[in-house]
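Scroll down for the structure; my scribbles are underneath it.
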């Protein structure tokens, strides 16, 4: 498969002529006769599209369509993208910019999916040429600059020089000649240094056009002649033809008709050989002028009317259209058709107004007419004074309205700040009051806890001590009495433990899960000592480590777990009791499970213990559920 070459299109579309092209085409056609596989067939059609593009655009298009069909069958995205680009190039050369854009966009879509950034940049460079041809200069420049940025970052200076040359062409077409010259000179410097003769053909030609627009005929001729030399060297017949046309135009303006006609004839012969139908307007206009000079007015009129249609459809050719109108005025004047002379003279005048330079001259003439008489000058000055006075009044009213609005805004802002400050003061007072109430409540809780500890705690301790003294001081033979005293002592001890738990909860503003876990573990250890035949287990999620409860929540959860375990110990005949604490989404699930004998939830009347557990959990906004069967009892708490 041929080596792919990245190329951009300039004002004169690039056509490369090769003496070996026909031989290569013949070889490719012979290869097709061998009936190769689908992929190789697609590659051959793609190569035929490429090589025919320098010989016959119609043949290139035929093979391009076949290449698309066959490449799609291969599902080789790289090959498909390249074929779309080749077909887009053929359409561009034919002047069908919409179909050219469609094919390039198909190629761009594939390369973007493959993340082939270099391929994307090259496609975008060609799309920029299409946008330029379609008249969207802003989008074209934006796209060019994006590719310049990519080529600079990746060090692709060959592509960078071609893109800069294209930007120079765009600035030429928008009449920004200094910028056009700078971009083109940058491109030419690199191309001359690196022997890029193909790019130099069009770069020289475009820079010659820039100097011609700047009225520097000598420099324009210098670059046109350079273009001719390098075009002959590379076989670039289109660039050669365009350079000959432009030199012929200069010779025609210098009234060197013989030289002009010779150059134009040579150029026309080259274009006929290439079968070029687009971008011939410059050549045609020069030929028409020669026909007018030779008094061949009917032929000139026919050609001018055709050329007029071409220029009227191109928004970038207003100057060419204006020159065509002028020529039509001359032709109709020679053949004495006054109505047509008037018609095209009127069109010329209107078109001149649209052109910037002519508009400036016309405005100057109008100003001179306005000031021809003193009366008009006084009238104008009077109108200006009145207008100035009106403007001053309007400005004054505007300032007054502005300051009024500003003062109103400042008052509104001040009032808003005042209201906000009052709200903040109220919130601060409320917060202080809340803190004071909390402090008072905390102080009361501390006093109550001290009273409970000092008074009730000491009394319970005294009871325990007294009962123990009675048991040891007297030899009690009555077993019932001994058991009773033992029960009183145990009950008092349990009451002290519960009292300490209550005091702990009262003294805490909040209870961490670690505190709760510690209490539960202590309780389980004591239960193990009392019932060593029961296996206890306590499991919890580690992510609950930083969870915090209020003192009421913590105490209610602890008491509920404590009550559930005690019930299992006392009534269930269980051998295992488990406590599991899990974090499920935004809730905490606590499960107390035993393997005891269970009970019938319907027939058994709920005692204070079950009711108290349910009430404790519901008071802190939780949910309480109980399930019991012959396999055991399960209590679930959701917080």
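The values are calculated or read from the model by the stated rules, or taken from the named source; none is laboratory data. From a predicted model like this one, the values you see are computed outputs, not experimental measurements. When we count neighbours, we look across all protein chains shown, and the Cβ atoms used for this are built from the backbone with ideal geometry, even at glycine.
At-a-glance table
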{"item": "Test for residue 631: is it in contact with a strand residue (DSSP E or B) (Cβ under 6 Å, 6 or more places away or on another chain) and in contact (Cβ under 8 Å) with a residue 12 or more places away in the chain", "result": "no"}
{"item": "Complete set of residues in the range 526-546 that are at pLDDT 85 or above and either in contact with a strand residue (DSSP E or B) (Cβ under 7 Å, 6 or more places away or on another chain) or closer than 27 Å to residue 586 by Cβ (or both)", "result": "534, 535, 536, 537, 538, 539, 540, 541"}
{"item": "The one condition in (1) modelled with pLDDT under 90; (2) buried (at least 21 other Cβ atoms within 10 Å of the Cβ); (3) under 30 Å from the mean Cα position of the chain (by Cα) that residue 116 fails to fulfil", "result": "(2)"}
{"item": "Residue within the range 165-173 that is within 25 Å of residue 82 (Cβ to Cβ), buried (at least 24 other Cβ atoms within 10 Å of the Cβ) and in contact (Cβ under 8 Å) with a residue 12 or more places away in the chain present", "result": "yes"}
{"item": "Residue within the range 207-228 that is surrounded by 24 or more Cβ atoms within 10 Å (Cβ to Cβ) and either free of Cβ contacts under 8 Å to residues at least 12 places away in the same chain or more than 29 Å from residue 318 (Cβ to Cβ) (or both) present", "result": "no"}
{"item": "Counted residues, the range 518-537 - those being closer than 26 Å to residue 548 by Cβ, free of Cβ contacts under 8 Å to residues at least 40 places away in the same chain and surrounded by fewer than 16 Cβ atoms within 10 Å (Cβ to Cβ)", "result": "5"}
{"item": "Unique residue being assigned to a helix (DSSP H, G or I), in contact with a helix residue (DSSP H, G or I) (Cβ under 9 Å, 6 or more places away or on another chain), modelled with pLDDT of 90 or more and within 19 Å of residue 215 (Cβ to Cβ) when the list is 184, 172", "result": "184"}
{"item": "Qualifying residue in the range 153-163 (condition: modelled with pLDDT of 85 or more, part of a helix (DSSP H, G or I), within 24 Å of residue 196 (Cα to Cα) and within 24 Å of the chain's Cα centre (by Cα))", "result": "yes"}
{"item": "Long-range neighbours under 8 Å by Cβ, at least six apart or interchain, first residue in contact (Cβ under 8 Å) with a residue 60 or more places away in the chain within the range 88-115, second in a loop (DSSP other than H, G, I, E, B) and surrounded by fewer than 15 Cβ atoms within 10 Å (Cβ to Cβ)", "result": "94/278; 95/277; 95/278"}
{"item": "Residue check for residue 94: crowded, with 16+ Cβ neighbours inside 10 Å and at pLDDT 90 or above", "result": "no"}
{"item": "Test: residue in the range 63-75 that is at negative phi, surrounded by fewer than 20 Cβ atoms within 10 Å (Cβ to Cβ) and not in a helix (DSSP H, G or I)", "result": "no"}
{"item": "The one condition in (1) modelled with pLDDT under 90; (2) over 42 Å from the mean Cα position of the chain (by Cα) that residue 225 fails to fulfil", "result": "(1)"}
{"item": "Residue in the range 274-295 that is touching a helix residue (DSSP H, G or I) at 6+ places or on another chain (Cβ under 7 Å), modelled with pLDDT of 75 or more and either more than 26 Å from residue 350 (Cα to Cα) or assigned to a helix (DSSP H, G or I) (or both) present", "result": "no"}
{"item": "Among residues of the range 196-216, those that are modelled with pLDDT of 90 or more and more than 44 Å from the chain's Cα centre (by Cα), counted", "result": "1"}
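Yes or no, residue by residue, for (1) surrounded by 10 or more Cβ atoms within 10 Å (Cβ to Cβ); (2) more than 48 Å from the chain's Cα centre (by Cα); (3) modelled with pLDDT of 75 or more; (4) assigned to a helix (DSSP H, G or I):
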position	(1), (2), (3), (4)
372	no, yes, no, no
379	yes, yes, no, yes
385	yes, yes, yes, yes
389	yes, yes, yes, yes
396	yes, no, yes, yes
405	yes, no, yes, yes
412	yes, no, yes, yes
420	yes, no, yes, yes
